[in-house]
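The values are calculated or read from the model by the stated rules, or taken from the named source; none is laboratory data. Predicted model only: the values in this text are computed from it and were never measured. In this analysis, Cβ positions are derived from the backbone assuming ideal geometry, glycine residues included, and neighbour counts consider all displayed protein chains. Each accessible area value is taken on the protein alone, full model and side chains, heavy atoms only, with ligands, DNA and RNA left out. Shrake-Rupley method; radii C 1.70, N 1.55, O 1.52, S 1.80 Å.
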Amino acid sequence: MRVHVTELQNGDQLSNDTFNNYGLHVLSKGTILFSHEISRLFQHQIEYVDIDERSAAEAEKRTLESTINPKWLPTVQPIYENAVKCFESLFSKASDQGIIDDSEVSSMLQPLLNNLQLERDVVSMLLLLNTKDDYTYQHSVQVGMLSYYLATWVGYSDEDSAQIGKAGFLHDIGKCRIKDDILNKPGRLSNEEYEEVKKHTIYGHEIINKSFDEPFVAIGALQHHERNDGTGYPHGITGDKIHPVAKIIAVVDIYSAMISQRVYQEKRDLLFVLKELYRLSFKELDPYTAHTFIKHMMPNFIGKKIDLVSGESGMIIMTHPTEFFRPLIQIDDQFIDMSIERDYEIQHVYI
C-alpha cells in the first residue's frame with residue numbers, strides 16, 4: 001500500500017526499494033521503519049513510499065514492543081550489569097592494593113564496547129539501563145561507553161576510541177581513596193570535604209600509572225575536571241594544555257552525572273542537560289567536543305513526543321545540523337521548522 005511519509009508508523013516495512021528525486025538509493029525493500037529511517041525519508045524529501053499491508057493490531061504491538069522491550073535490551077543489559085558489578089570489585093581492589101589489572105579491565109569493558117553498535121539510540125539505552133543504585137560504578141561504566149561513542153564522533157579510529165573508552169571507564173578510579181562518608185554524602189560537601197574529593201584526579205593518575213603504561217588513560221583521570229577557562233582542578237590549566245581525551249571525558253562526565261538520579265538530586269530533563277552542555281561550551285568545555293556530542297545526541301530525539309511552552313504537544317521529525325535545539329516538529333497535521341518560526345520553544349521531551 002502507498003502512504004505519505006507523515007502517516008508512517010513504527011514497524012512498517014517497505015515493499016519496494018526507495019529512491020529520492022535524483023535517483024539516489026535511500027532505503028531497501030524489506031527495511032523496517034522506525035524514527036531513524038522515517039527521518040531519512042524526510043531528509044531526502046520523499047513524500048510517498050510503498051509498504052506492506054498492516055493491521056492496526058500488529059502496528060500497535062510492534063510499536064509497544066520497540067518502546068518497552070527494544071531488541072538490543074536482552075543482549076546489552078546483562079553485559080552492562082556485569083560491567084557495573086565487576087567495576088565494584090575493581091574499585092575495591094584498587095583501594096586495597098593501589099593498582100588495577102589491565103587484563104581485568106579489558107575483560108569487563110570489551111564485551112560492552114563490542115555490543116555498543118547494536119543500539120543507535122544512546123539516550124534511551126542509558127535511561128533504560130540506569131538505576132538509582134551503585135551510582136559511582138554505573139557512572140564509570142556510562143562514561144566509558146559515552147567516551148567511546150564521542151571519540152568515534154570526533155574522528156578517532158575504532159582502536160583509539162576503545163582506548164578512550166577505557167580512559168572514561170577509569171576516570172574516577174581515584175575515588176577509591178576517598179572515604180565513603182564523603183563520597184556518598186547526601187548533602188552539600190564542606191570546603192574541606194570538597195578539597196579531599198578533588199584529590200581523586202591525582203589519586204587516579206597515580207593508580208593507573210602504577211598499573212600499566214597507557215599515558216592518555218592516566219591523563220584522562222588527571223584532567224577530566226580541568227576547564228578551558230582555568231576554573232577546573234587539580235591544576236587549573238587552560239585550553240590547549242588540556243589533553244583532547246580529557247576534553248572528551250569532561251563532556252560525557254557532566255552528561256552522565258546530570259541524567260543520573262542520585263540521593264540528593266532529581267534527574268534533569270534531557271533537553272535541559274544538552275542545553276547546559278551547550279552553555280558550558282562557550283567558557284568551560286571544549287566547544288568542538290561539546291558541540292559534536294550534542295549534534296550526535298539530538299537525532300536520538302527524532303520520533304519522540306514533546307511538550308511546547310505554548311502548551312501544545314507534538315513530535316520531533318528532524319533535527320537541525322547547527323541549530324541543535326530548533327528541530328522540525330509536527331503538531332497534528334502541521335509541520336513547523338523551529339529554526340525559521342522562532343516563537344516555538346520545546347519545554348519537555350518524552351523518552
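Numbers at a glance
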item: Angle in degrees between helix 270-280 and the longest Cα principal axis of the chain, rounded to the nearest 10; result: 60 degrees
item: Crossing angle, helix 56-68 versus the chain [Cα axis fit, 0-90 degrees, rounded to tens]; result: 10 degrees
item: Cα→Cβ-extended label distance, 7 Å offset, between HIS4 and SER92, nm; result: 6.1 nm
item: Loop-located trypsin sites (Lys or Arg not before Pro) in the range 296-351 whose Cβ has at most 13 other Cβ within 10 Å (DSSP); result: ARG342
item: Protein-only accessible surface order, largest first, of ASP286, ASP12, ASP96 at 1.4 Å; result: ASP96, ASP286, ASP12
item: Taking the C-alpha atoms of the range 184-251, convex hull volume expressed per residue in Å³; result: 100 Å³
item: Measure of compaction for the range 145-291 (Cα Rg per 2.2 N^0.38 Å); result: 1.02
item: Of every Cα-Cα pair in the chain, the percent that sits beyond 37 Å; result: 25 percent
item: Computed helical MRE - 222 nm, the chain, DSSP H runs ≥ 4 contributing -39500 (n - 2.57), nearest 500; result: -15000 deg cm²/dmol
item: Local electrostatic count at ILE249 - Lys and Arg +1, Asp and Glu -1, tallied over other residues with Cβ under 13 Å; result: -1
item: Solvent exposure ordering (accessible area, 1.4 Å, most first) of MET318, MET125; result: MET318, MET125
item: Packing-based ranking, highest mean first, of 275-284, 45-54 given that Cβ atoms within 10 Å are counted; result: 275-284, 45-54
item: Accessible carbon and sulfur surface of the chain relative to its total accessible area, %, 1.4 Å; result: 49 percent
item: Greater than 28 Å apart at Cα, pairs in LYS179/LYS241; LYS85/LYS198; LYS199/LYS247; LYS93/LYS185; LYS166/LYS295; result: LYS179/LYS241
item: The chain: angle of helix 200-211 to the longest principal axis, Cα-based, in degrees nearest 10; result: 80 degrees
item: Kirkwood Rh and Cα Rg combined as Rg over Rh, evaluated for the range 228-351; result: 1.03
item: Label point distance in nm, LYS29-GLN77, each placed 7 Å from Cα along Cα→Cβ; result: 3.7 nm
item: Burial ranking of peptide ranges 18-24, 319-325, 186-192, 215-221 (average Cβ count within 10 Å, highest at the top); result: 215-221, 319-325, 18-24, 186-192
item: Modelled label reach - GLU47, point 7 Å along Cα→Cβ, the range 2-22 residues with backbone N closer than 13 Å; result: 3-6, 21
item: Relative contact order (%) - the chain, alpha-carbon pairs under 8 angstrom, separation at least six; result: 12 percent
